[in-house]
Amino acid sequence: MVFKIENYIRDVKDFPKEGIVFKDITPLLADADALQKTTEELLKLVPSDIDKVIGIEARGFFFGSLLATHLNAGFVPVRKPGKLPYKTFEESYALEYGTDKLCMHIDAIKKGESVLIHDDVLATGGTAQAVAKLVEKAGGEVVMLNFLIELSFLNGKDKLEGYQTSSLLTY
Ligand code: AMP
């Protein structure tokens with residue numbers, strides 16, 4: 001049978017609220033072959049000369065850290081407020097209702113470092129855009145934003161204009 005990554009992604013309707021079709025990647029994480037093949041496929045999409053890979057809380061941590069080990073790069077978590085213990089840069093971004101904030105340790109990225117940002121899903125793009133701004137606050141260079149899944153009907157790429165992006169699956 002031909003291996004298809006999309007067979008390991010489960011659509012969960014109305015989670016976390018009505019009208020959302022949640023792309024659940026846990027079946028992909030739970031299958032040894034799928035986990036390995038997905039990592040290999042993601043590696044084909046990203047540049048090799050990377051100093052730091054950023055994983056966005058929380059589902060960006062899984063493949064973010066796997067990519068970092070294969071790229072011989074460091075891994076940096078970007079988290080919600082109140083989770084990181086040391087001093088942080090912060091960036092607010094708009095949600096459907098209200099705003100949210102993301103944080104990164106001030107010493108996680110050094111000036112001039114090449115940074116790959118990874119998350120599981122690109123939806124409206126607000127989250128990824130905020131993380132790109134965090135990298136730039138620290139003096140890093142965003143080389144690419146990489147996603148496992150892009151929900152193209154939400155036009156997230158519009159918010160990421162001027163940045164290189166790549167996604168393994170597009171819906
Ligand atoms: P956005 O800022 O709208 O691009 O949303 C991206 C963030 O929300 C990512 O961290 C995703 O993990 C999560 N997300 C948004 N929509 C979905 C979805 N349909 N399925 C799974 N995760 C989602």
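The values are calculated or read from the model by the stated rules, or taken from the named source; none is laboratory data. Everything quoted here is computed from the prediction, not taken from an experiment. Virtual Cβ from ideal backbone geometry, glycine too; neighbours counted across all protein chains shown. With ligands, DNA and RNA removed, areas are computed over all heavy atoms of the protein, side chains included. Shrake-Rupley method; radii C 1.70, N 1.55, O 1.52, S 1.80 Å.
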Check: In straight Cα distance, which lysines are under 24 Å from K52, not counting same-chain residues fewer than 8 positions off?
Finding: K37, K44, K80, K83, K87, K101, K110, K111, K133, K137, K157, K159
Notebook entry, point to check: Say a site is exposed when it is one of the GluC sites (Glu not before Pro), sits in a DSSP loop, and has at most 10 other Cβ atoms within 10 Å; what is then the longest site-free stretch of the chain?
Noted result: 19-95
Check: If the cut-off is 19 Å between C-alpha atoms, which aspartates and glutamates fall inside it for K4, apart from same-chain ones fewer than 8 positions away?
Finding: D24, D31, D33, E40, E41, D120, E150
Note to self: Can you list residues from other chains, or at least 5 along the same chain, whose modelled amide H is less than 5 Å from the amide H of T165?
What the structure shows: L145
Margin query: What number results when the radius of gyration of the chain, computed over Cα atoms, is divided by 2.2 N^0.38 Å?
Written below: 1.00
Notebook entry, point to check: What accessible area per residue comes out for the chain, rounded to a whole number of Å², with a 1.4 Å probe?
Noted result: 54
Check: Exactly which trypsin sites (Lys or Arg not before Pro) in the range 120-161 are in a DSSP loop and have at most 13 other Cβ atoms within 10 Å?
Finding: none
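How large a share of the accessible area of the range 73-164, in percent, is made up of carbon and sulfur atoms when the probe is 1.4 Å and the other protein chains stay in place?
48
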Item checked: Kirkwood-based Rg to Rh ratio, the range 103-171, C-alpha trace -> 0.98
Check: In terms of modelled amide H atoms, which long-range or inter-chain residues lie less than 5 Å from the amide H of R59?
Finding: none
Item checked: Table column - 3J(HN,Hα) (Hz), the range 64-81, Karplus curve with 6.51, -1.76, 1.60, x for Gly and Pro -> x, 6, 5, 4, 4, 5, 6, 8, 6, 10, x, 10, 10, x, 9, 10, 6, x
Check: Rounded to the nearest 0.05, what FRET efficiency do I106 and K4 have when you use their Cβ-Cβ distance and R0 = 30 Å?
Finding: 0.10
